[in-house]
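Please treat every number below as a calculation from the coordinates, not as lab data. Everything numeric in this text was worked out from a predicted model, so none of it was measured. A quick note on method: Cβ atoms are made from the backbone with ideal geometry, for glycine too, and the neighbour counts reach across all protein chains shown.
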Amino acid sequence: MTDATTFDPTPLTAPVDRKAAQAFSAQLRREGKLGGTLVPIIVFALVGAVFLFIAVPVFATVASSVFSRGSSGPLPLLFVVFFLIVASFIVGAIVRAFGGAAERRYRLDRFARANGMTWHPGIDDPALPGMIFDLGHDRESRDLVRAQNPRFVEVGNYRYETGSGKNKQTHRWGYVAVRLDTPLPHMVLDAVGNNGLFGASNLPVTFGRGQRLSLEGDFDRHFALYCPEGYERDALYLFTPDVMARFIDNAAALDVEIIDDWLFLYARRDLSTLDPATWRWLFATVAAIDDKLAQWARWRDERLAAETPSAAPTAGAAASGIPGEASALLTPPPVGVAREGRRLRRGFSWVGGVIAVLAIGWWLLTVVTDIFVR
């Protein structure tokens, strides 16, 4: 990924040739990377028509009452003018919406090209192992900016829905996905700075409190670290003081998840944007973390070697792949993570539980009140 000091943000803000942007969107549709515009236009038109046929009768009623005492001569003219104004507003909103989307796609693609990356409009139900990617339904990632050198990095915007009907909610996230050199135990750094009311985590899932590990220094003031039980020593090997300092200095506003051979950075807002400052921050953050990932590649899980019957005892190997410690293994453990370290155990949110209890109590109170009032 391009260094933050050398990246070129010009395509994000430079003037755009609308015809070139429209031609680029047309090319994406021909390649099957972008859906057609007919259905969205029909939806916009129907919404506009509903608004039009509600607003016009209301205006006519108000205007009739105003002019009822005097001459009604101006009324038809005012009616026509109002109709034309509303119709032009609806048409203009449709044009701006689709024109703005085309320009956005064009800018992000040119920005990615200028910095040695690629842009993709997005995919449905992305096959990523992070905690946000298996929740809800109608999952989709959009505006994917990818780098391949020196390692794979993807910046994207993600959304999914929960519930249905009146209870339907849309959840929006921005994420950075970094491919690691080797699978690692499942760990989560829950950023303290973006927590909600009463310190409640903004993460979509909760992890068992028995997996919380306290680290030295000021790290706990910035992150709550969760690692599988029995992997505390491995977490201390991965999160050395210099690595902790990098996360505090560069990623304190982001939640972090390490799962399989991926590292994810999460934010409750779009990260693939047209804002140069956001990209400068992301480039600097990824570069700072990437500088320390090489030492993570040396980690090995001694539990896998214990499961291998052919391993014969010897001296000098590293327990959990940590150099400098004694072990009784003939060869280093294979790449991978034992079953007990692959996924954190989910927990229960006390804040969410209290809110649920209060909501149920309020509902019961209203039901009882209605019964006695009647």
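Tabulated data
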| read-out | value |
| --- | --- |
| Calculated FRET efficiency for the pair residue 252/residue 33, C-beta based, R₀ 45 Å, to 0.05 | 0.80 |
| Fewest-first ranking of 152, 283, using other Cβ atoms within 10 Å as the exposure measure | 152, 283 |
| Potential extension, residue 295-residue 371 segment - 0.36 nm per residue separation minus Cα distance | 20.7 nm |
| Approximate spin-label separation residue 166-residue 287, in nm, with each point projected 7 Å along Cα-to-Cβ | 5.3 |
| Under 20 Å from the Cα of residue 19 - aspartates and glutamates, other chains or at least 8 residues apart | 31, 103, 109 |
| Loop-located trypsin sites (Lys or Arg not before Pro) in the range 164-208, at most 12 other Cβ atoms within 10 Å (DSSP) | 168 |
| Protection proxy ranking of 8-21, 103-116, 289-302 - average other beta-carbon atoms within 10 Å, highest first | 103-116, 289-302, 8-21 |
| Residue order, fewest to most beta carbons within 10 Å, for 285, 5, 240 | 5, 240, 285 |
| Relative contact order %, the range 118-299, counting alpha carbon pairs below 8 Å whose residues are six or more apart | 24 |
| Exposure proxy ranking, count of Cβ atoms within 10 Å, fewest first, for 141, 25, 214 | 214, 25, 141 |
